[in-house]
Amino acid sequence: MTNTSSSIPNEIRNILAELGVAAEQTQGGTLKVVSPVDGSVVASVPEVPVAQIGKLIGEAHEAYLAWRSVPAPRRGEFVRLLGQELRAAKDALGRLVSLEVGKSPSEGLGEVQEMIDICDLAVGLSRQLYGLVIQSEREDHRVTEQWHPAGVVGVISAFNFPVAVWSWNAALAFVCGDAVVWKPSEKAPLTALAVQSLAMRAAQKFGGVPSGLSTLLIGGRDVGEALVDDVRVPVVSATGSTRMGRIVGERVARRFGRAILELGGNNASIVTPSADLDLTLRAVAFSAMGTAGQRCTTMRRLIVHENVYDNLVPKLASVYKSISIGNPITSDALVGPLIDGRAFEAMQQALADAKKAGGTVHGGERVDINGPNSFYVRPALVEMPAQLGPVCDETFAPILYVLKYRNLEDAIALHNGVPQGLSSSIFGTDIREIEQFLSTRGSDCGIANVNMGTSGAEIGGAFGGEKETGGGRESGSDAWKGYMRRQTSAMNYGRTLPLAQGVKFDI
Ligand code: NAD
């Protein structure tokens, strides 16, 4: 593989060919794909006509009708083969992630590793879709709870995890007996085409996967809306901004579908007086600046105790000043580009608003790495007098707002005092303070970490958050239940007909 940014379109073409994506799938279409690495147009992908979506969802529904009768451990075998394809393609697909959305090589590979991990988890799960046996109040009765496939699962994904999000949903959905229809981000269709090709390879090796089981819909919002409105899609898992989730959640609810919403975060960490400040510094740097601040779990607020503020914050400012920013393909810089010019403008607007609200801004300026069509920035550290204005919003860029506190209760109130509720953390070694943060009176988020940052979750736990983050859960723990329908079953194996609650109805 070559290593210069000017050869990006060539390198992408080679990777796509290696992964089995035909040239006509990425040429002559209406969707222009721009690499944020240098701002060059790298492909023109054909979009699915909205008029065809109904037919494709119909085929996915047919595939589900066949797939639901395949024993779950056998469905797990398909996911095992998918994991094998991902292992074999890890380097190429990870590289493609870096080229298409600008992640560092290590983060691109990490994203594919996450896909492999969730496949492993799902294979095990395919033998563990356990129900319950419930004690009946009636003699000679048995009450059970069992789980059936839900049907077609619609997956809408964001640009910043262009392939992992699909796998969190799809690996579980496939073993649960569902078909999956995927609408990827319009900013990252190439990685989606590559993953679809790998899924088809796995299907071929498996033999007998019904066609339409894994369907890809390339397109923009109108394509997403057609998927969201189709009654044959009982579950829609949508990952993206809160703005999108508000629309999708309402539309799915209108037809009584189930929405799994994974939306924006405004994640904070509290640094207590007992914190190990060296560890804190490293953890904050990764969590706030990694992926150029474009993770849903990126640390966006740091709430620091007044006794350690003057020790920690100047050190942090100097890390912000010296952090390496650069082309993720040709350098080993830790901070790569923003996805596009709109992200850059949103960042500058937030910084201007923060200044107006009394904030002191360190960094945040544009850095010329690859010419005028790419958007590299120095991450910004902003000392704020209070939690005001842009501090309460998610700006999808590397801005870390720093606030000072005196009492832990106040810090937790600040922490929880934003509309989002995805990820959180606390730094400290005082067990009382840590436990308070983890207690019912502590963090109100779906994720609460100790002595680490807010980002970098493992797939074994359920992933998601509360409030405007949408309430959905994906990935590990019992998130699989979101892809199945629950059935309670009472069975009478006696010769009489006792009614529940002692009701009498003798004829
Ligand atoms: P976005 O909301 O602009 O787009 C996300 C997806 O939604 C895209 O595929 C887009 O085409 C689709 N979409 C937009 N409007 C739609 C509509 N009306 N109907 C159907 N589909 C529609 O988000 P983005 O800029 O791609 O990603 C960044 C956002 O995603 C951030 O807010 C980030 O926090 C969030 N995110 C959340 C998680 C999570 O798990 N909570 C994970 C990754 C990203």
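The values are calculated or read from the model by the stated rules, or taken from the named source; none is laboratory data. Just so you know, these numbers come straight off a predicted model, no measurement behind them. Methodologically, a virtual Cβ is constructed for each residue, glycine included, from the backbone with ideal geometry; neighbour enumeration extends over all protein chains shown. With ligands, DNA and RNA removed, areas are computed over all heavy atoms of the protein, side chains included. Shrake-Rupley method; radii C 1.70, N 1.55, O 1.52, S 1.80 Å.
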message: So with the 1.4 Å probe, I'd like the accessible area per residue for segment 267-463, rounded to whole Å².
response: 40 Å²
For the chain, calculated [θ]222 nm from helices alone, where every DSSP H run of n ≥ 4 adds -39500 (n - 2.57): -12500 deg cm²/dmol
message: Taking θ = phi - 60°, what integer Hz values does the Karplus form 6.51 cos²θ - 1.76 cosθ + 1.60 yield along segment 402-419, in sequence order, with x for Gly and Pro?
response: 10, 10, 9, 9, 10, 10, 4, 4, 5, 4, 5, 5, 5, 3, 8, x, 10, x
message: Give me P(r) over segment 241-391, computed from all C-alpha to C-alpha distances, binned every 10 Å, as integer percentages.
response: 10, 34, 32, 17, 6, 0
task: Please check which bits of segment 468-483 a label hung off residue 143 would reach, taking the label as a point 7 Å along Cα-to-C-beta and the cut-off as backbone N under 15 Å.
output: none
Ranking by accessible area, most exposed first, for 136, 185 with a 1.4 Å probe: 136, 185
- prompt: If packing is taken as the mean number of other Cβ atoms within 10 Å per residue, what is the order of 157-167, 230-240, highest first?
  reply: 157-167, 230-240
message: Using a 7 Å offset from the Cα along the Cα-to-Cβ direction at both residue 133 and residue 254, what is the distance between the two label points in nm, to one decimal?
response: 4.7 nm
message: Test of understanding: what is the full-extension gain from residue 7 to residue 211, defined as 0.36 nm times their sequence separation minus their Cα-Cα distance?
response: 69.8 nm
field: Distant-in-sequence amide H partners of residue 387 (H built 1.01 Å from N, under 5 Å)
entry: none
message: Need one value: the accessible area of residue 477 in square angstrom, 1.4 angstrom probe, rounded to the nearest 10.
response: 80 Å²
field: In nm, spacing of pseudo-spin labels at residue 438 and residue 332 (7 Å Cα→C-beta vector)
entry: 3.5 nm
- line: Counting only residues 5 or more apart in sequence or on a different chain, those whose built amide H sits under 5 Å from that of residue 424 are 447, 448, 449
- request: Enumerate the calculated ³J(HN,Hα) couplings along segment 229-240 in order (Karplus 6.51 cos²θ - 1.76 cosθ + 1.60, θ = phi - 60°), each rounded to whole Hz, writing x wherever the residue is Gly or Pro.
  value: 8, 7, 5, 7, 10, x, 10, 10, 9, 10, 10, x
- line: Across the alpha-carbon set of segment 14-131, Rg over Rh with Rh taken as the Kirkwood radius works out to 1.05
- request: Describe numerically, in nm with one decimal, the distance between label points set 7 Å from Cα along Cα→Cβ at residue 307 and at residue 368.
  value: 4.9 nm
message: I want the local charge near residue 64. Using Cβ-Cβ distances under 11 Å, sum +1 for each Lys or Arg and -1 for each Asp or Glu among the other residues.
response: -1
statement: Cα extents of segment 424-469 per principal axis, largest first, Å, are 28, 21, 15
task: Collect residues whose amide H, placed 1.01 Å from N in the peptide plane, falls under 5 Å from the amide H of residue 404; neighbours closer than 5 in sequence don't count.
output: 304
message: Taking the Cα centroid of segment 317-371 and of segment 236-302, what is the distance between the two, rounded to the nearest whole Å?
response: 19 Å
HN-Hα J in Hz across segment 494-504 - Karplus 6.51, -1.76, 1.60, θ = phi - 60°, x for Gly and Pro: x, 10, 10, 10, x, 9, 5, 6, x, 5, 10
- prompt: In units of 2.2 N^0.38 Å, what is the alpha-carbon radius of gyration of the chain?
  reply: 1.04
query: What is the Cα coordinate range of segment 147-211 on the first, second and third principal axes, sorted by size from largest, in whole angstrom?
result: 33, 27, 15
query: Between segment 131-187 and segment 200-230, what is the C-alpha centre distance in whole Å?
result: 16 Å
message: Among DSSP bridges having both ends in segment 377-507, what percentage is antiparallel? Round to the nearest 5.
response: 35 percent
field: Carbon + sulfur, % of accessible area of the chain - ligands and nucleic acids excluded, 1.4 Å
entry: 51 percent
field: Whole-Å distance, taken between Cα centres, linking segment 38-79 and segment 390-404
entry: 37 Å
statement: Rounded to 0.05, the calculated FRET efficiency for the beta carbons of residue 345 and residue 501 at R₀ = 41 Å is 0.05
message: What FRET efficiency comes out for residue 279 versus residue 222 if R0 is 51 angstrom and r is the Cβ-Cβ distance? Round to the nearest 0.05.
response: 0.60
message: Quick check on segment 66-131: take the gyration tensor over C-alpha atoms, sort the square-rooted eigenvalues as a ≥ b ≥ c, and tell me if it's rounded (a/c under 1.5), prolate or oblate.
response: prolate
